[in-house]
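Enquirer: First the structure, which I've put down as structure tokens, then a few questions once you've had a look.
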Amino acid sequence: TSTPNLTFNDGNSIPQLGYGVWQVADDVAEKVVRQAFEAGYRHIDTAKIYGNEAGVGRAIAASGLKPEDLFITTKLWNADQGYESTLEAFESSLDRLGLATLDLYLIHWMQPKRDKYVDTWKALIELQKSGRVKSIGVSNFSKEGLQRLIDETGVVPAIHQIELHPFFNQAELREFNAANGILTQAWSPLGQGGELLADETIAGIAAKHGATPAQVVIAWHLAIGNVVIPKSVTESRIVENFAALGVTLDAADIEAINGLDRGAEGRIGPDPAVSD
Ligand code: NAD
């Protein structure tokens with residue numbers, strides 16, 4: 001199975017299914033990213049704060065895969081926000097990854113009280129102009145924060161990475177992203193495992209398709225147009241999650257999963273609009 005690509009507003013494209021490495025130690029990241037490449041993933045999501053860019057870089061180097069066949073994302077950490085500090089942090093991330101250019105650089109959190117995100121965004125625009133990074137986007141922004149970036153710079157983020165899973169499906173923010181030509185990327189797409197993967201509705205749909213609950217949730221993300229980056233450090237699950245590309249849900253399945261939304265009650269992580 002090959003991964004479908006979605007096209008950004010800047011003309012570049014991103015594999016719709018990727019592999020995330022939050023809370024994975026550097027040496028483990030090297031091992032599991034190699035397993036992910038073997039399973040067929042070509043898109044890896046890391047961040048400076050994960051402390052495993054070097055491990056991801058070693059897996060890339062060992063893979064023998066060409067940079068043009070890979071899609072690597074990393075993120076600017078909060079403490080590095082600001083114009084000059086962003087340019088420096090970017091170079092350090094690229095060095096740790098061992099890459100000449102990056103596919104996607106994201107501002108990790110909006111940090112409204114810090115209020116440096118517009119200057120930070122201007123640095124990302126400069127990095128893209130200079131060719132150091134192909135595409136630029138953000139993570140964990142509010143609608144108001146996104147609107148401000150657009151109004152003050154005229155450059156629309158390619159993608160917005162947000163907490164998004166069936167218990168917190170972010171219909172409103174997805175609609176705002178789409179209306180502005182911004183792709184939506186789902187973090188904690190499996191709701192971090194646990195209750196969501198034990199849900200009866202999900203189990204029923206999984207049984208109907210001869211699929212697993214994790215595959216059904218990933219197939220839902222793909223069906224509603226999200227870029228999705230599930231994490232596992234267990235090789236059989238890394239393979240299982242990739243095989244979700246072969247699971248096609250029908251309209252009734254998608255409606256049923258849409259119905260699991262709990263609104264703000266379903267949120268696991270901090271609210272970006274107030275988190276600093
Ligand atoms: P996730 O929703 O991907 O859940 C991962 C957990 O689900 C695993 O640790 C495991 O317990 C379980 N799991 C995975 N596959 C399974 C399977 N096939 N069967 C049963 N259980 C399974 O959680 P996540 O790691 O929080 O999110 C995924 C990625 O999103 C991260 O690795 C990271 O790259 C990104 N992320 C970004 C942000 C951000 O602020 N931008 C925040 C959190 C996560």
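The values are calculated or read from the model by the stated rules, or taken from the named source; none is laboratory data. On a predicted model such as this, the values are computed, not experimentally measured, just so you know. For neighbour counting, all protein chains shown are included, and Cβ atoms are generated from backbone atoms with ideal geometry for every residue, glycine included.
Enquirer: Could you please give the count of residues in segment 61-85 that are part of a helix (DSSP H, G or I), in contact with a helix residue (DSSP H, G or I) (Cβ under 7 Å, 6 or more places away or on another chain) and within 16 Å of the ligand (Cβ to nearest atom)?
Expert: 1
Enquirer: Please go through segment 223-252 and pick out each residue that is crowded, with 20+ Cβ neighbours inside 10 Å, more than 9 Å from the ligand (Cβ to nearest atom), within 16 Å of HIS165 (Cα to Cα) and β-branched (Val, Ile, Thr).
Expert: Matches in segment 223-252: VAL227 only.
Enquirer: Going by what's in this entry, would TRP109 be described as under 24 Å from VAL274 (Cα atoms), within 15 Å of the ligand (Cβ to nearest atom), touching a residue at least 40 places away in the same chain (Cβ under 8 Å) and not aliphatic (A, V, I, L, M)?
Expert: Judged against the criteria, TRP109 is a match.
Enquirer: Of the residues ALA219, ALA214, ALA243, which is within 28 Å of ASN52 (Cβ to Cβ), at pLDDT 95 or above, in a helix (DSSP H, G or I) and in contact with a Lys or Arg (Cβ under 9 Å, 6 or more places away or on another chain)?
Expert: ALA214
Enquirer: I'd like to verify a number: residues in segment 146-157 that are crowded, with 23+ Cβ neighbours inside 10 Å and over 18 Å from the mean Cα position of the chain (by Cα), how many?
Expert: The total comes to 1.
Enquirer: Can you tell me which residue within segment 158-211, out of those that are surrounded by 15 or more Cβ atoms within 10 Å (Cβ to Cβ) and of a type in the set (D, E, K, R), is nearest to the ligand (Cβ to nearest atom)?
Expert: Across segment 158-211, the extreme among qualifying residues is GLU163.
Enquirer: Moving to a separate point now. Please work out which one of (1) of a type in the set (Lys, Arg); (2) under 17 Å from LEU104 (Cβ atoms); (3) out of contact with any helix residue (DSSP H, G or I) (no Cβ under 8 Å at 6 or more places or on another chain) is the condition LYS134 fails and give its number.
Expert: Going through (1) of a type in the set (Lys, Arg); (2) under 17 Å from LEU104 (Cβ atoms); (3) out of contact with any helix residue (DSSP H, G or I) (no Cβ under 8 Å at 6 or more places or on another chain) one by one, LYS134 breaks only (3).
Enquirer: Something else now. Please specify each residue of segment 7-44 satisfying the condition of being touching a Leu at 6+ places or on another chain (Cβ under 9 Å), in a strand (DSSP E or B) and not hydrophobic (A, V, I, L, M, F, W, C).
Expert: THR7, SER13, PRO15, HIS43
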